[in-house]
Each structure stands twice: as C-alpha cells, then as structure tokens.
Amino acid sequence: MNLLVTNTRNAQAYAIIRALRPHAQKVVATMEGKNRFAARLSHAANSRLVDKRYYTPSPAADWRAGRIQRENTQNEEAYIQSVLRICEAEKIDTIFPSFDPHVYVFSKNKERFEKLGVLIPVPDYEVVITPLDKWRTLQSAQEVGFPCPRTYLPKNEGDLKEIADELEFPLVMKFRFTSGGRGIEMVKDLAELSVKASLLKEDLGMPLLQEYIPGWQKQHHYLVLDKKGQLTLAFCTKRWRNLLRVTSNYPTFEESMVYPYHLRAAELLQKLEWWGGATVETKVDARDGFPKLMEINPRLGYRLWLITEIGINAPLMCLKISRGEEVDARTYYPAGTMLFDPIEDLLALGFKLLDRLAYGARVGFRREAPVDPLHPPMTLKELAQSYRRPYLCEGDKIFSPYFRYFFQDPLVSILWWLQFFESVLREARQLGR
C-alpha cells in the first residue's frame, strides 16, 4: 500500500500514520497552512515514519462558510487537482482523510480517484452531508428519539431575540460546519449575542442557537460500522478533566468505560446510513442525568490515539471495510484504563489555577454572574485530589503517543505540544466565566 495521509496538523493524522505504517510500503503526507512555513509545522508530517511531504492548498474555507454543494468550488477543485498530481507522482493507491472538510471534498470526488485505482475510506457525498451539518444531525437525532439540547437556526438577526427568549441565557452559539469544539461560544446576554452573530455571519452564516447543558461530564462514543450497518467497534471514554469547565473541547485525562449507550449512538449512525469511523459526543445534563447529543464527527476523531494505543487498529478496520473485507468486531476492551498526556495535563493544571483566580475576581469581586453556577472551579484541595489519581494511584495507564514515543519522534511531540499551548492561549478569554 502506498498511503497518502492528509490534514497532518490534526492529532488523528498522527495516530493513522502510526497505525498504518506497518502495512504500507510508502507513507506520503500533505500539509496546509496560511503559507509554506506554517504548513511545514504540521506536526504529523514531520514524523520519521513519513517518507515524503507535499504542500497543498486548503479546501476548508467554502465548507466552513456553509457553501455546501455537489460540485467543487474553485478552491476545492484546486485542492483535488493538487492531490491528483501527488497520487500520480507517488503512485498512491490509498488516501486517508480525517478532517471534516477533507472528508466532505473527497466524498464528492471519490469516482475520480477510483478510476485511478485510489481507495478513499469515506462514504458517498449523500451520506456524508448529514453528519457534517450540525443542524441536519440534530434533526435526524430527534427522529430516532436521541436526546438533544433544544436548538434553533435563525434565518436572520431579527430572529435572535425571539429565540433567546425561548432558550434563556446563557446559551450556546455554534456554527453548522465547524468541528471538534471550534466555533462554539457561550453567550450571556442579548447584546453579546447580537455583536458576535453580526461579526461572524458574513463568513460563516447564521449560527445555531442552543440551550446550554450544565455539567462537566462528557462521553465520547468511538464507533466503526461496516457497510451493512453492523457495529464492528465500540469504545467509550469518560472525561475526568477538561482544559476548561464550560466550553472546552480539550480533554486532558480520560478513562475507558463500558457504557451501553453506545448502542443508541450506533442506532443514530445507522439512521444516517453511515459506515466507517465516527465519534458521537454526548454531555450528561446535570439537571436530569441524561446524556444529550453534542455533535457527530463523521470520521476517526481527534482522540483516535485512545483506541490505537489500547491495541485496536481502527484505521485498518476502516480500510478493510472500504475494500469489502471481513472485519473482526471489537466491542470489548479493558475498562478503567487511564488515558492521558502528562505534558498536556500539567499545562491544564496551570490553566485551572488561573481559572480559579479569574473566577474569584469576576464573581467574588466584580459580582458578575457565572455562566454555570452549578460548577464553579475546583478548590485547591479538589484539584490536588483530582491530579493524585493518574500520577500516584495504581491502575492501568496509557500515555499519548506524543509522550510515549517522544524519543522515537521528538520533533512531532514538540510541535504538537506547542500547538496545544497555542490552543490554551486562545481559550484564555474563557477564564473565570
């Protein structure tokens, strides 16, 4: 197999490279960025496991703006032409995309690559389009009775007040075509909502407005289905620690768990006629204890390493399903395994201490109302107890590949941790909310 891996700035790309390197004669990586220097910092592309690297234009702008259509836009066609040239030059026979706009663009162009003998393990466009769209996803979930937060799609700015009155503040503003927690804003009042919606609608369209689900417990259901809709992989984790209390999508400490709710998650994917890898994200509502759907990532997810490092080769399963080969189901795994990256986790500790100070200043001194009064920052004692378990207690522990294989692939780890720190800085505006 001559393998091309795209979106090498994303964590799942590195997990895919590590999982498929033993099965590939050649691994080629593509890189994207505002310029070639920025693209060259894509951490996964700098792995010693990669044989060759190419710079490509990005196809993501039109997708993020909601310009969804069966035909390629000018930017998307430029991207596809670039990848076609790489396939010809490197005799690529397999492409593995794992980022929403890439999955979307390749789903529209599968036939062009299939004529060249190139396999792409993504469903057809008609299947991909629903889980890529948060609004369509929630409508489909409601049809099968999957619990969801109340969500509205305003047609224009005039609808904002009416919807806000229905949902009440605080509420969540999120965009239809972003993924992995990007494009999510907590909004405390109508003035803030009007300003943020007005600033962003030109580039990203009108946002979804969603009721805020209080609580901190998130569950991720990592699933793989075959083309008959049969569940071949079910893996679930409980998030014990996130970078932020309220909106963060950056977990730093998780634990494998066996949770039968994955059957409901699989039913939802079957409703969408999905096959291959996907992640169904839920959040436990502190008001009633029920998990509510946050979103579906129609691809192998950002935390793919949780599965591959525990010994399940999900990327290879997806390739076999795409080829029409038999796949052994993997729905059982050791529960209670602690999964974390010590570097990320310790960076998060500093962030949590700052959050505690900012919360005291905002809520205690300035008397601002907190976004989630039921879940204030941890006390110093609670923080100490929280961090004691993974580092001082006995039990099975698995470290992320960035920590585990640092001396094998040091540049990858360093670039990833710098990227994570950059994400931490971007979230600083949420401190103390």
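Quick notes on this one:
- Qualifying position, being more than 20 Å from residue 278 (Cβ to Cβ), hydroxyl-bearing (Ser, Thr, Tyr) and modelled with pLDDT of 95 or more, among 56, 6: 56
- Considering the conditions (1) closer than 19 Å to residue 224 by Cα; (2) touching a Ser or Thr at 6+ places or on another chain (Cβ under 7 Å); (3) surrounded by 15 or more Cβ atoms within 10 Å (Cβ to Cβ); (4) free of Cβ contacts under 8 Å to residues at least 40 places away in the same chain, residue 62 is excluded by exactly one of them, (1).
- Of all the numbered requirements in (1) more than 18 Å from the chain's Cα centre (by Cα); (2) within 30 Å of residue 207 (Cβ to Cβ); (3) part of a helix (DSSP H, G or I); (4) free of Cβ contacts under 8 Å to residues at least 60 places away in the same chain, residue 105 misses one, and that requirement is (1).
- One residue from 383, 392 being among the aliphatic types (A, V, I, L, M) and loosely packed, with under 11 Cβ neighbours inside 10 Å: 392
- Residue check for residue 132: assigned by TED's automatic domain parsing to the domain that holds residue 286 and either hydrophobic (A, V, I, L, M, F, W, C) or buried (at least 18 other Cβ atoms within 10 Å of the Cβ) (or both): yes
- The sole residue among 131, 121 that is assigned to a loop (DSSP other than H, G, I, E, B) and either within 30 Å of residue 291 (Cβ to Cβ) or touching a residue at least 24 places away in the same chain (Cβ under 8 Å) (or both) is 121.
- Members of region 366-380 found to be loosely packed, with under 13 Cβ neighbours inside 10 Å and either hydrophobic (A, V, I, L, M, F, W, C) or over 30 Å from residue 286 (Cα atoms) (or both), listed by number: 369, 374, 380
- Filter result for residue 300 (modelled with pLDDT of 90 or more, in the same structural domain as residue 401 (by TED's automatic domain parsing), in contact with a Cys (Cβ under 9 Å, 6 or more places away or on another chain) and assigned to a loop (DSSP other than H, G, I, E, B)): yes
- Candidates 276, 289, filtered to the one that is at positive phi and in contact with a helix residue (DSSP H, G or I) (Cβ under 8 Å, 6 or more places away or on another chain): 276
- Here region 194-230 is the region considered, the condition is being of a type in the set (D, E, K, R) and closer than 18 Å to residue 175 by Cβ, and the residue that is modelled with the lowest pLDDT is 203.
- Wholly within region 334-429, helices (runs of 4 or more DSSP H) carrying at least 2 residues that are among the charged types (D, E, K, R): 342-359, 380-392, 410-426
- Some residue of region 95-108 being surrounded by fewer than 22 Cβ atoms within 10 Å (Cβ to Cβ), at negative phi and acidic (Asp, Glu): no
- Restricting region 7-39 to residues that are in contact (Cβ under 8 Å) with a residue 12 or more places away in the chain, more than 18 Å from residue 90 (Cα to Cα) and among the charged types (D, E, K, R), the residue that is surrounded by the most Cβ atoms within 10 Å (Cβ to Cβ): 18
- Residue match in region 163-170 (condition: at pLDDT 85 or above and part of a strand (DSSP E or B)): no
The values are calculated or read from the model by the stated rules, or taken from the named source; none is laboratory data. What you see is a predicted model, and the numbers here were worked out from it, not measured in a lab. Here Cβ is always computed from backbone atoms with ideal geometry, including for glycine, and neighbour counts include all displayed protein chains.
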